[in-house]
There are 2 protein chains.
Amino acid sequence: MGARIGVGLLGLGTVGGGVAEILLNPEERHPLVADLDLIRVAVRNVNRPRTVELSDAVLTTDPSEVVNDPNVDVVVEVIGGIEPARSLILQAIANGKSVVTANKAVIARHGPEIASAAKAAGVYVLIEAAVGGGIPIIEPLKQSLGGNRINRVSGIINGTTNYILTRMANEGAAYADVLAEAQRLGYAEADPAADVDGLDAADKISILSALAFGGTVDRDALPTTGISALQGRDVEYARQLGYGVKLLAVAERLAGQGDPLPLSLRVQPTLVPSDHPLAGVNGVNNAILVEGDPIGRVMFYGPGAGAGPTASAVVADILNIAGIRQASGDQGPVDPLLAAGSWRPCVLADSGDIRQRHYVRFNTEDAPGVIGKVGGRFGDAGVSIQSIVQFNASEAGAEIVVITHEVSQRKVIAALDAITSLDEVSGLAAHLGCL
Amino acid sequence: MGARIGVGLLGLGTVGGGVAEILLNPEERHPLVADLDLIRVAVRNVNRPRTVELSDAVLTTDPSEVVNDPNVDVVVEVIGGIEPARSLILQAIANGKSVVTANKAVIARHGPEIASAAKAAGVYVLIEAAVGGGIPIIEPLKQSLGGNRINRVSGIINGTTNYILTRMANEGAAYADVLAEAQRLGYAEADPAADVDGLDAADKISILSALAFGGTVDRDALPTTGISALQGRDVEYARQLGYGVKLLAVAERLAGQGDPLPLSLRVQPTLVPSDHPLAGVNGVNNAILVEGDPIGRVMFYGPGAGAGPTASAVVADILNIAGIRQASGDQGPVDPLLAAGSWRPCVLADSGDIRQRHYVRFNTEDAPGVIGKVGGRFGDAGVSIQSIVQFNASEAGAEIVVITHEVSQRKVIAALDAITSLDEVSGLAAHLGCL
């Protein structure tokens, strides 16, 4: 038994309730959990019935009572959104309290401000629950993989869209139909934009990138394509060609270095070869691949959302702070591994320089020689092709699907401009990434 | 930049060389790597040519010069084996130095002795590299999953046997042929017993179990079956029935609790359904599944061995110690999360109580009614069957393959005794686990 650690909770919804449940039932968990005291909990309505029993002295409707309570050592913020979350986090830090948050939106947008406030105050801000639900991924990037030169972090980091894509692939269903059912089942919000437009995944990959590469980039400039425009026929053609379609978030360093370090971050529907580890990640699960030197490639897989997994990640962060406090007391400086370090300037690379494989589909006339012309234009632009396949030929026209080898965005765009100018081509019907 | 941390290396083979490589080239890694000084390195022969350049002042053939050097804060033990590794680790601890080791054999057998010496001296012994190569799994079990009640840890934790099994499955090759080629390629030792007899996996699962459940069990009593008796026909029959065969290591709590806590640990060739996440883990890769409450199921996947991945894990541990030292100085007690905690007595459960599914194959006469008799004996013993299939019927006899539902070991053994006593059954030809 070490020193007691006081915990204050901002929010007692799904995740907050899960955290309280763990703190109030420490049996069979790490013994350090028993050293945590749930001191104060801010809720919207004190009288609402809940699954966890808390005394009236613990509950309050005023969140400032949590962040100002002298017995609270660690403030857990699980109310989400930008404000008042940001102000409460900064207030807690100003009061010398460490903060644990599951709030990817506030960290992706105000991470540097919060990190420097924490540094100045000598406290921690830990964010394991902000990405990947219960999957430990923040801590490995900060600590366990610290000996590596990280080259790439990529993965499936939004459970809602992965659920929709899994059902589209398994049932050949249309996007709109699956989304409607996901909303009925509670897997998608009434306003699904943050998920289906890729914004949630963009928040998360910008957080992972900052940890992997040591600096933030302009979150709002991150190229982001969601799945709302994805057509079932492309999922089906991909399947016939040996691929699944996943909403992939990627952060990678471009070849070479630089100061600031040029990075490519992006979120886009992407073809994944069916024997790739990410292809088997289905439903609301998440998986994150980290590639580095000398480790090679490691993958972290598990439930990407939900009360239990997210609460598990929140409690992991509280335990980390509790462990350090018990080891160092209040005096020492913060552990540089646990602290959110920003050690180098990074910048988004020119999007024309991004290199990857591409999947494109054109609507064309069903006429002899069209495939040759399309292939020729790719060749003229210096784009090397892996496969070119005609689908659905009929009097109404045909569809030509092309998968390229790895090539710069600049060359692909030049090729697409040339091809859509062809008389036989009526339009570019789809453009996805490809692993 | 924080305080400098002195590192001493015992051994400069594959892993030791990889660690030195990282320490001497800190660029592009976590900035804390630059605070590590490689002070002293014990080698067998100072004059042997090596890929890393070290001055004569750093190299020594006397390992005690490393563990006794006052400038060494962290001793890295990568010589392997029980002695002199154990004595050197204890000497380093006695000198107030923390220890990082990749040595699963010494930790599986002398873990409690080493942990209590470390506790008395107020230093760390970290072992991330002992299991799963570069995959972060030790730290997640100790820290990131600390809020959970862990129910089960299982996985593929020996790369050599997984390489052999992968080739047996892909090529229909015989065990002995694949082993011979693996030895030629350097994937298997000249004396492959530690790998193919499951001893290495048993060391590793006993380490994971101690971290997951809080106490050690008798390592030498751990039921262990390797792959050396595995026949290619069982791999083939498993494939036809929709399974892969993996050498699975399992540590799980039995239903209910108890003091000491009864655990089942085992290593055995096991059928894994082909849509299970572990089924896709091929070659020398490792994967560990952790199941707990409330997290559900998370998986950690990556290269299970090799210089780079193992060195990555060793450096992660050095960084952890360096971070804590910079935060707390030398005074504070050790962080209870990083310390190897043993917080509750555990014991191996009666093997008859272990519940799992089973795959068994009998050689029988090819006579009418044999399947009925075999099925009847299972029923008499209270063993419920999922499938019973006859293979290879000919004048020489037939083979009957049975996959059971989950059942206690006790009942299965009673059923097998009754069945092998049947006149029509000439013997039990294979008995594997099944997920």
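The values are calculated or read from the model by the stated rules, or taken from the named source; none is laboratory data. Since we're looking at a predicted model, the values are computed, not measured. Counting neighbours? That spans all protein chains shown, and the Cβs are built from the backbone with ideal geometry, glycine included.
From B:Arg233, B:Arg253, grab the single residue that is of a type in the set (Lys, Arg) and farther than 30 Å from B:Lys142 by Cβ.
Criteria check complete, one pass: B:Arg233.
What residue, among those in the stretch B:334-368 that are touching a residue at least 24 places away in the same chain (Cβ under 8 Å) and within 18 Å of B:Ser421 (Cα to Cα), is surrounded by the fewest Cβ atoms within 10 Å (Cβ to Cβ)?
That would be B:Ala367.
Within the stretch A:130-152, work out how many residues are under 18 Å from the mean Cα position of the chain (by Cα), of a type in the set (A, V, I, L, M, F, W, C) and within 11 Å of another protein chain (Cβ to nearest Cβ).
Number satisfying all stated conditions: 5.
May I ask you to verify whether A:Ile227 is over 18 Å from the mean Cα position of the chain (by Cα), crowded, with 22+ Cβ neighbours inside 10 Å and not aromatic (Phe, Trp, Tyr)?
No; evaluated as a whole, the condition is false for this residue.
Being under 30 Å from A:Val15 (Cα atoms) and among the small types (Gly, Ala, Ser): is that true of A:Ala396 here?
Here the answer is no, as A:Ala396 does not meet what is asked.
Mind listing whichever residues of the stretch B:202-234 are assigned to a helix (DSSP H, G or I) and closer than 30 Å to B:Asn363 by Cα?
If the condition is that a residue be assigned to a helix (DSSP H, G or I) and closer than 30 Å to B:Asn363 by Cα, then B:Gly232, B:Arg233, B:Asp234 are the ones that fit.
Test B:Tyr237 against the criterion of being hydroxyl-bearing (Ser, Thr, Tyr) and either free of Cβ contacts under 8 Å to residues at least 40 places away in the same chain or assigned to a strand (DSSP E or B) (or both), and give yes or no.
no
Hey, can you tell me all the residues within the stretch A:122-137 that are in a loop (DSSP other than H, G, I, E, B) and aliphatic (A, V, I, L, M)?
A:Val123, A:Ile127, A:Val131, A:Ile135, A:Ile137
Starting from the stretch B:101-126, keep only residues that are in contact (Cβ under 8 Å) with a residue 40 or more places away in the chain and over 20 Å from B:Ser206 (Cα atoms), then list their pairs with residues that are outside any helix (DSSP H, G or I) and of a type in the set (Asp, Glu) whose Cβ atoms are within a distance under 9 Å, requiring at least 6 positions of separation or different chains.
B:Gly122/B:Asp330
Among the candidates B:Ala115, B:Ala85, B:Ala92, which residue alone is under 20 Å from B:Ile318 (Cβ atoms), of a type outside the set (Ser, Thr, Tyr) and at pLDDT below 95?
B:Ala115
Quick one: B:Thr51 ticks every box in (1) within 14 Å of chain A (Cβ to nearest Cβ); (2) touching a residue at least 60 places away in the same chain (Cβ under 8 Å) except a single one, so which number is it?
(2)
In the stretch B:209-218, is there at least one residue being among the aliphatic types (A, V, I, L, M) and in contact with a Pro (Cβ under 8 Å, 6 or more places away or on another chain)?
Scanning the stretch B:209-218, I find no residue that is among the aliphatic types (A, V, I, L, M) and in contact with a Pro (Cβ under 8 Å, 6 or more places away or on another chain), so the answer is no.
Name the residue, out of B:Val19, B:Val15, B:Val58, that is at the interface with chain A (Cβ under 10 Å from one of its Cβ atoms) and either touching a residue at least 12 places away in the same chain (Cβ under 8 Å) or closer than 21 Å to B:Ile79 by Cβ (or both).
B:Val19
In the stretch B:30-48, what count of residues is obtained for those that are touching a residue at least 40 places away in the same chain (Cβ under 8 Å) and either facing another protein chain (nearest Cβ under 9 Å) or under 28 Å from the mean Cα position of the chain (by Cα) (or both)?
4
For every residue, the table says whether it meets (1) closer than 27 Å to B:Asn148 by Cα; (2) modelled with pLDDT of 95 or more; (3) among the hydrophobic types (A, V, I, L, M, F, W, C).
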| position | (1), (2), (3) |
| --- | --- |
| B:Ile205 | yes, yes, yes |
| B:Ile227 | no, yes, yes |
| B:Leu241 | no, yes, yes |
| B:Leu254 | yes, no, yes |
| B:Ser274 | no, no, no |
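Scan the stretch A:68-78 residue by residue and report those that are touching a residue at least 12 places away in the same chain (Cβ under 8 Å) and over 28 Å from the mean Cα position of the chain (by Cα).
A:Asn68, A:Asp69, A:Asn71, A:Val72, A:Asp73
Considering only the stretch B:23-67, state which residues are of a type in the set (Lys, Arg), out of contact with any strand residue (DSSP E or B) (no Cβ under 8 Å at 6 or more places or on another chain) and at pLDDT 90 or above.
B:Arg44
Being modelled with pLDDT under 95, touching a helix residue (DSSP H, G or I) at 6+ places or on another chain (Cβ under 8 Å) and more than 17 Å from B:Ser351 (Cα to Cα) narrows it down to one residue among B:Ala430, B:Ala398, B:Ala393; which is it?
B:Ala398
All but one of (1) at pLDDT below 95; (2) within 29 Å of A:Ala34 (Cβ to Cβ); (3) away from chain A (no Cβ under 11 Å) hold for B:Arg109; state the number of the condition that does not hold.
Result: B:Arg109 passes all but (2).
Residues to consider are A:Tyr301, A:Tyr359; find the one that is more than 10 Å from chain B (Cβ to nearest Cβ), of a type in the set (Phe, Trp, Tyr) and within 30 Å of A:Tyr237 (Cα to Cα).
Exactly one of A:Tyr301, A:Tyr359 is more than 10 Å from chain B (Cβ to nearest Cβ), of a type in the set (Phe, Trp, Tyr) and within 30 Å of A:Tyr237 (Cα to Cα), namely A:Tyr359.
Give the number of residues within the stretch B:79-117 that are of a type in the set (A, V, I, L, M), touching a Gly at 6+ places or on another chain (Cβ under 7 Å) and closer than 28 Å to B:Arg344 by Cβ.
So the answer is 1.
Which residues, counting only those in the stretch B:308-330, are in a helix (DSSP H, G or I) and either without any contact (Cβ under 8 Å) to a residue 40 or more places away in the chain or more than 7 Å from chain A (Cβ to nearest Cβ) (or both)?
B:Thr310, B:Ala313, B:Val314, B:Asp317, B:Ile318, B:Ile321, B:Ala322, B:Arg325, B:Ala327, B:Ser328
Please go through the stretch A:369-391 and pick out each residue that is part of a strand (DSSP E or B), without any contact (Cβ under 8 Å) to a residue 60 or more places away in the chain and among the polar types (S, T, N, Q).
The answer is A:Gln386, A:Gln390.
Looking at the stretch B:274-285, is at least one residue of a type in the set (Ser, Thr, Tyr), at negative phi and part of a strand (DSSP E or B)?
no
Could you say which residue among A:Gly244, A:Gly283, A:Gly232 is touching a residue at least 24 places away in the same chain (Cβ under 8 Å), outside the structural domain of A:Ile388 (by TED's automatic domain parsing) and surrounded by 21 or more Cβ atoms within 10 Å (Cβ to Cβ)?
A:Gly244
Can you name every residue in the stretch B:254-301 that is among the hydrophobic types (A, V, I, L, M, F, W, C), over 17 Å from the mean Cα position of the chain (by Cα) and closer than 24 Å to B:Asp218 by Cα?
B:Leu254, B:Ala255, B:Leu261
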